[in-house]
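Okay, so here's the structure we're looking at.
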Amino acid sequence: MFTTSNPVAGQGCRWGVSSVGTVSQEHAFKAGFETRAIHAGYEPDEMTGAVIPPIYATSTYKQDGVGGLRGGYEYSRSANPTRTALEGALAAVEEGERGFAFASGLAAEDALIRALTRPGDHAVIPDDAYGGTFRLFDKVARPWGLEHSPAPVGDVDAVRAAIVPGRTKLVWIETPTNPMLTIGDIEVLAAVAHEAGALLVVDNTFASPYLQQPLTLGADLVVHSTTKYVGGHSDVVGGAVVVRDHEVAERIGFHQNSMGAVAGPFDAFLTHRGLKTLGVRMDRHCDNAEKVVDFLVGHPQVSEVIYPGLEEHAGHALAARQMRRFGGIVSFRVTGGEQQALQVCARAEVFTLGESLGGVESLIEHPGRMTHASVAGTDLEVPADLVRLSVGIETADDLLADLDRALGGSGRE
Ligand SMILES: *Cc1c(COP(=O)(O)O)cnc(C)c1O
């Protein structure tokens, strides 16, 4: 058996990275990504041999005498075996020391912020941060005394300049960003953060751990909305924090239990089930996105295609270095202005009109009126003629035909 008596310290298991120390240590055995995604965090149940972690719908656990916990389980806010399995798998795929599963991406972010900052501290955040992240920093954390400064993640000097010496505790980035798909240099920004005594946090939702592992590039913490690619089926809301350092992990774990916004066992089960197929899904998302990009680049109704895989994308070389592939999100601008962008969204049929991303089904949206409506009139306003696609894993030809129809035709012979 490779499980340990402490459910929250034993996440590494035989398929993961070490359950003690840091990921920089040499390990005798580290399985490949897909093997870790499928096996890490769980060994077939000793009593039944169940190959998949059961949904432990229990709030409490029988003790063998006072304090005689079986496997460390005491109460399900603190730990639940279904969640422990997911957390172990998350740590293994991100090559972190420990993973923590939360009720949503924002719950994960909230726990991270409150675990690692105090009133009077300061954070640097992306100037085009995910809207909910910006709202959390601006409307929730700031009134409690955490100041923040926005900076463009693609500009190292601007990020460095936004740091307040002695006060900045977190440098928070997303890469690629939403919806303009700007790329931030994780390795360089980690060094910039560390020089200032701050931690680098990477929201890895858009890339997913299959395409990018920020902890291996020097980041200190990764956050996820597992609602997106990790869950992958648009059927569960969840979040995660994965941590590189033991000390920091202790603080996150303490806050996860103290604040209590944990993933329940049903949600943890679904998220874990999604994670197992992340590798094959992401490859198909990328295959289809590349085909969509090729199609859109030659389309007479399209004025610009934004995708890090394109050589003309400002972050292309960097993305090629730090990502396995370029992801499933594609943004493009149309020649006919906002009206045409809205029309494309309305006409698409295989692409479902909706917010969110990362599920098996393709989604289309108009950032200016939907996900990014709240930044209209500010520096962060997105072009009105912009359309964002979350390219799903349907038959590629159907996606191209749908886009062509939505654009008014003439994109294919
Ligand atoms: C969706 C999302 C979040 C928030 O996650 P929820 O699960 O919706 O709370 C955070 N960051 C990014 C990049 C997202 O796309």
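The values are calculated or read from the model by the stated rules, or taken from the named source; none is laboratory data. Worth saying up front: this structure is predicted, and the values here are computed from it rather than measured. Quick reminder, even Gly has a Cβ in these numbers, built from the backbone with ideal geometry, and neighbours come from all protein chains shown. Side chains included, ligands, DNA and RNA excluded: accessible areas come from the protein's heavy atoms. Shrake-Rupley method; radii C 1.70, N 1.55, O 1.52, S 1.80 Å.
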In terms of the alpha carbon gyration tensor, root eigenvalues a ≥ b ≥ c, rounded if a/c is under 1.5 and otherwise prolate when a/b exceeds b/c or oblate, segment 271-413 is rounded
The long-range amide H neighbours of LEU170, using H built 1.01 Å from N in the peptide plane and a cut-off of under 5 Å, are HIS122, VAL124, LEU199
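Take TYR210, TYR61 and sort them by solvent-accessible surface of the protein heavy atoms, 1.4 Å probe, largest at the top. Don't skip to the end; give the middle numbers.
Details: TYR210 10, TYR61 40 Å².
Listed by decreasing accessible area, they come as TYR61, TYR210.
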Rounded to whole angstrom, the alpha-carbon centroid of segment 188-244 lies from that of segment 156-186 at a distance of 13
Reported to the nearest 10 Å², LEU342 has, with a 1.4 Å probe, an accessible area equal to 40
Summing -39500 (n - 2.57) over every DSSP H run of at least 4 residues in the chain and dividing by its residue count gives a helix-only mean residue ellipticity at 222 nm, to the nearest 500 deg cm²/dmol, of -9500 deg cm²/dmol
Measure of exposure for ASP235: accessible area at 1.4 Å probe, Å² rounded to 10, is 80
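Going by the alpha-carbon gyration tensor, a ≥ b ≥ c the square roots of its eigenvalues, is segment 166-255 rounded (a/c under 1.5) or, if a/c is not under 1.5, prolate (a/b greater than b/c) versus oblate? Please list the in-between numbers first.
On the way: a/c = 2.14, a/b = 1.31, b/c = 1.63.
It comes out oblate by the Cα gyration axes.
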With all protein chains present, the chain has a carbon and sulfur share of its accessible area (1.4 Å probe) in percent of 53
Sorted by accessible surface (1.4 Å probe, heavy atoms of the protein chains only), largest first, HIS285, HIS148 come out as HIS148, HIS285
Between the residues GLY354, ALA401, THR60, the Cα farthest towards the positive end of the dipole of the chain, that dipole coming from +1 and -1 charges on the beta-carbon of Lys, Arg, Asp and Glu, is from THR60
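Can you tally the net charge around PRO209? Count Lys and Arg as +1, Asp and Glu as -1, for every other residue whose Cβ sits under 9 Å from the Cβ of PRO209.
Working: positive: none; negative: GLU94, GLU95.
Net charge in that neighbourhood comes out at -2.
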Cα-based Rg and Dmax for the chain, in Å, come out at 21.5, 75
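Restricting everything to alpha-carbon atoms, can you work out Rg to Rh for segment 58-169 with a Kirkwood hydrodynamic radius? Could the numbers behind the result be given before it?
Details: Rg = 18.6 Å, Rh = 16.7 Å.
Using only Cα positions, Rg/Rh for segment 58-169 is 1.11.
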With DSSP loop assignment and no more than 16 other C-beta atoms within 10 Å, the trypsin sites (Lys or Arg not before Pro) in segment 154-261 are ARG167
Distance in nm between ALA320 and GLU338 label points, each 7 Å along Cα→Cβ, equals 3.8
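Across the chain, how many lysine pairs, 8 or more positions apart or on different chains, have C-alpha atoms separated by under 29 Å? Please give the number.
Working: LYS30/LYS228; LYS30/LYS276; LYS139/LYS169; LYS139/LYS228; LYS169/LYS228; LYS228/LYS276; LYS228/LYS291; LYS276/LYS291.
Counting lysine pairs in the chain gives 8.
Probe radius 1.4 Å, ligands and nucleic acids left out: which of MET47, MET370, MET323 has the largest accessible area, and how do the rest follow? Let's see the in-between values first.
Details: MET47 170, MET370 55, MET323 15 Å².
The most accessible residue leads, giving MET47, MET370, MET323.
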Once all protein chains are kept in place, LYS30 shows an accessible area at probe 1.4 Å, nearest 10 Å², of 100
Net charge near GLU355 (other residues with Cβ under 14 Å of its Cβ; Lys, Arg +1; Asp, Glu -1) is +1
With the 1.4 Å probe rolled over protein heavy atoms, the chain has an accessible area per residue in Å² of 41
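Can you give the alpha-carbon Rg of segment 94-276 over 2.2 N^0.38 Å, where N counts its residues? Show your work: numbers first, answer last.
On the way: Rg = 15.0 Å, N = 183, 2.2 N^0.38 = 15.9 Å.
Cα Rg divided by the expected 2.2 N^0.38 Å: 0.94.
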